[in-house]
Every structure is written in C-alpha cells, then in structure tokens.
Amino acid sequence: MIATAITTPAIAHALMHVFDPELGIDLVSLGLVYAIDHEPGAINVQMATTSAMCPMGEAMLDDAARMLSHRFPGAGVNVDLVTEPAWDIRMATPEALAWLGVGRDE
Amino acid sequence: MTARVSPHESPPLGLIAPFFLVAPAGLAVAGLLLAGSNHQAFLAINLPRTVAVVHATVLGWITLTIMGALYQMGPVVMGGQLWSLRLARIQFVLHVLSVAGFIAALDRWSVGWMSTAGVGIVTSLALFAANVGVAAWRAKTWTIPRATVFIALGWLLVTASVGITYAGTLQHLWFPVTMGRLSMHAHLGLVGWLAIMVMGLSYQLVPMFNVITKVKPRFGVASLAVTSAALAIFALAIAQDPPAAVRVAAGAGLVIGPALWAFDLARLLHGRSKRRMDVQGHATFVSIGFLALTAVIGLVAATGTPWTDDAEPARWLLAYGACGLGGWVGTTLIGNSFKILPFLIWLHRYRPRVGIAPVPVVADIYNDRFANAVLAIHSLAVLGIAASAVAGSIDGLRLAGVVLAVSSVLHCGALSHMFLPKKSSRAQTASTRKAVTAS
C-alpha cells in the first residue's frame, strides 16, 4: 500500500469514509469533525457525536481512529470526543441536510 | 451519558436473532386461530379460542420480541452485562416450547396441560427477568429505560404469578376466575409489562433513531409512575367485579400515564432533526394513533351493556384488546424490529470492516419500503379485527385473521432477508468532497 501524505484535506477525505451507521451520512458531512491537526507522524482529530443518547457515539470515534490508522500507516492517531459546543443539525452540510429531509417541511 | 459499544460487549448475533425470527410465528398462530374462529368469539372474552389468541400474541410474539430486544439493549444501550449467555439460550428454548404447549392446551382447554406448560412459561419468565435484571443492575447510570426495565419486569412477574395461580385454580377449583379477575390479569400484562416497557424504552429509542437533541422529555418519570400507580388501583378495583362507574373511573385513571407519554413523544418527534421518516418513525405515529383508539374503545367497553349488544357482550372488549396489543404495542414492535436487528447485524458483520473497506449502513440492511408495507398490512389487519368485532362480523374477523397471519409471515421474511450479504450504498458525493476540501 502506498502511504498517503498527511494533509488536512487527506485526513478529512479519509473521515468521509466513516459513516454514522444509523443516519448513513459520513462524519465530515454531518459536521461532527470539529478540528483536524497534524504534524509529522501524528494526527489529532476532535469530533463530537450526534447525541448523548446514541450508543454508537463513542464507537464512531474508534471507527474514525481505525480508518486513519489504516489510511496513514505509521502515524500516531488520536481522536478525542468533544462535547462543547454540542453538535447541532445546522453543522451538517447542505447535502447532508437534504438527505435528512431538513427544510422540507419546516 | 453514553454506553461504550463494541462487538465484544454486544451479545452474539446467534443469541438475539432467533428471538426476532421465531416471534412472528406467535402472531401467525394467533391470526390463523382467529381465521378459524366462530360466532362464539363475540359472546365472551374468556372462551378457549380467544384466550389462546391473546396468549399467542402476547407470549409468542410480543414477549419473545421484547426478550430479544432487552438481551441486546442490556449490554449495548444500558451498559450492563447479562448474567449468562448460556442461560439466555436455554430460556429461549424453554419459552418457545412452553408457549407452544400452552397455546395448544388453551385452545383445547386442557387444564392439566395448561398448568404444566404454564410452569414452563413462569420459569422462562423468571430466568429472563433474572438475566436482564442483572444487566440492568450492572449498568452504571440511572436512566428512564433502566428504571423501566425494573418496573416492567416486576409487573411481568406479578402477571405471571397471577396467571399460573389461575391455571392452578382451573385445575383444582380453589376459587372462581371471574371476569373481574381475568381483567386484572389481562391489564397487569397489557399495562404493567407491555405498556410500561413500550413507554419507557421509547425514551431511549425515539431520540436515538430520530436524532432528537434539542427537546428533552418532560413527563418520562411522571408517566411511568402514574401508570404504575393507576394500574395498582385498577387491578385491586377490577378484581372485585365492580359496577360500571367504578370500571370507567379506574379505566380513566389508566389512561393518564399513557396520555402524558404520548404528549411527550409528540413533542420529541416534533423537534427531531432527522425529518425524513423511516419505518420506525411511521410506526411511532401509528402506535400513538392506536393508543388513542385503545383508550376510547376501552372506556366504551368499560361502560358495559348500553353500548353493546346484550347477546354479544365481548365485541367491544375484543376490539379493545386488538387495538391495544396488535395496534399500540404491536406496531411499536414492528417499527423497532427494523432498527434493532439491522443494528445488531451491522455491529457484528460490518463494523469490524469500517476503515478497511466500504461497508453498508443500517439503512442498507433492510428494505424500508417493504418494512413500511409490513407495517401497513399489519395495521390494516388490526383495524379489521377491531372493526369486525364492533360490527359483529365473523367473516370480517376471519378475513382479518388471515391478513394478520400474512403480515406476520411477511415480517419474518423481511427480518430474515436482513441476514443476506449487503453492499454499501453510501458512495461519497462529489459535492460533499468538494465542500470539505474547500473548507
């Protein structure tokens, strides 16, 4: 496997392949990824979950870390859960909002 | 507070799936028994065929499904481990065999076999309560669903104790099982076990599946507490075979808690972020409609003869039972079965491949249109039973029974189809990629 250069767009692109299994929308499009930092050999991501009620919330952090470790082998990956500010549906992209049906009957 | 989820903490798919896949057989049996019923069904609610239909529905379909759901939710949602997975497997076999024997004994009114199979059912329920009770006890935080499990399990054991006592008295003639005492047993099960379970777990499942973050429940604890208190009063009153005024007053008390819950649920759903509704959302609205119908018909039935043909006093009671069990509880079960089982399949089969290969999401695992069709056919069957009972049409009742059996077969087919391999349908769109890259 060819190692991918660690850049913010490359990290975001990788996280766009991790989906909220219930909503069927990737973490980036949902607006769950709050911050991406990287330095040589290390990746730090801060992300939220859609709801404190969602039992898959913390599991998605593991999935994101696994995706980044797979995409950037050798890099140290750290994915932290951020609770403030709380995630809001308005953080999602227009495409994600359209998928969720937001705006159709509001 | 969230519970951490991992495939290692979730019970094996092979443990949970049989509960969901076998349960519709209970409803199919109930439908076929109804299809073979005769005009006597309108004469009394305690006829062997009617009692068999009710127990096939409650113990065979509803309770078996709830058992599967709770064996999963205990570890996955509440965060507490089950006491024993092996015990759960044994309990499943014991429950299925005992319920099958019990239904056959009820339909033939073989009191000896009713007692024998009844002991098996009570044992099964006790094993289940112990296993799930331990999981709820091991959970770290107090939530409405966790409290619900304890309350509902308590009422389940009370219902089962009363039921096995009735089986004993039918065999040994200790005391007569009057209509009031029968009603007490029925409501302990319908309200104490099923309604409280549906109401309490919905406070976890509805916000989770509909992405409700802004609106908070207002009457969660109150609705459960009021329902439990009202049920205790109702049970004590109705067991005395009271006059109509007392029946209606006690029945009205029973309505308060579910009404608070329905109001709360409507508020939550109104504030949902996920506006596009799937089968679970549709089922929630349908179930609230059935709840309203159940309350109205139940109160009419409680008034007694002025509203019914004196020669056929069971018609409104049949309609009431159909709307409550098949409608309110049943549609809730169907809706959530298309979430709970796909989620479990996803967790075990596809999540280990996240980050390594494209995997389907939960919505890819079931066909939402087919699921909605199952919900619609089931709802029509229940409405058909209720309408036929009120109208006194035995042909309508038989036809509705056939439709109910068909819906249960379709439901089982839809659930079985989830186990076939699925592909991801969530290709990353160019627009979302562009938007993120630009940011």
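The values are calculated or read from the model by the stated rules, or taken from the named source; none is laboratory data. Only a predicted model underlies this, so the values are computations on that prediction, with no experimental measurement involved. Ideal geometry is used to build each Cβ from the backbone, glycine not excepted, and the neighbour counts take in all protein chains shown.
Here region A:61-94 is the region considered, the condition is being at pLDDT below 85 and farther than 14 Å from A:ALA35 by Cβ, and the residue that is farthest from the other protein chains (Cβ to nearest Cβ) is A:ARG90. Counting only helices (runs of 4 or more DSSP H) that sit completely within region B:341-424, those holding 1 or more residues that are closer than 29 Å to B:PRO12 by Cα and in contact with an Asp or Glu (Cβ under 9 Å, 6 or more places away or on another chain) correspond to B:362-365, B:368-391. Taken together, the residues in region B:346-381 that are surrounded by fewer than 22 Cβ atoms within 10 Å (Cβ to Cβ), among the β-branched types (Val, Ile, Thr) and within 12 Å of another protein chain (Cβ to nearest Cβ) amount to 2. Contact map, region B:351-370: first residue on the phi > 0 side of the Ramachandran plot, second residue surrounded by 20 or more Cβ atoms within 10 Å (Cβ to Cβ) and part of a loop (DSSP other than H, G, I, E, B), Cβ cut-off under 9 Å, separation 6 or more or different chains; pairs are B:GLY355/A:HIS17; B:GLY355/A:VAL18.
Scanning region B:205-236 for residues that are of a type in the set (Lys, Arg) and closer than 24 Å to B:VAL279 by Cβ turns up just one, B:LYS214.
The residues listed here are B:VAL382, B:VAL361, B:VAL286, B:VAL279; of these, the one that is among the aliphatic types (A, V, I, L, M) and modelled with pLDDT under 90 is B:VAL361. The condition of being among the β-branched types (Val, Ile, Thr), within 22 Å of the chain's Cα centre (by Cα) and more than 14 Å from every other protein chain (Cβ to nearest Cβ) holds for only one of B:VAL99, B:VAL77, that being B:VAL99. Of all residues in region B:138-169, those satisfying the criterion of being polar (S, T, N, Q) and in a helix (DSSP H, G or I) are B:THR148, B:THR159, B:SER161, B:THR165, B:THR169. Every listed requirement among (1) touching a Gly at 6+ places or on another chain (Cβ under 8 Å); (2) within 15 Å of B:SER183 (Cβ to Cβ); (3) free of Cβ contacts under 8 Å to residues at least 40 places away in the same chain is met by B:ALA237 save one, (1).
When restricted to residues that are under 9 Å from the mean Cα position of the chain (by Cα) and surrounded by fewer than 24 Cβ atoms within 10 Å (Cβ to Cβ), region A:21-44 contains 2. Counting the residues of region A:45-69 that are buried (at least 21 other Cβ atoms within 10 Å of the Cβ) and small (Gly, Ala, Ser) gives 4.
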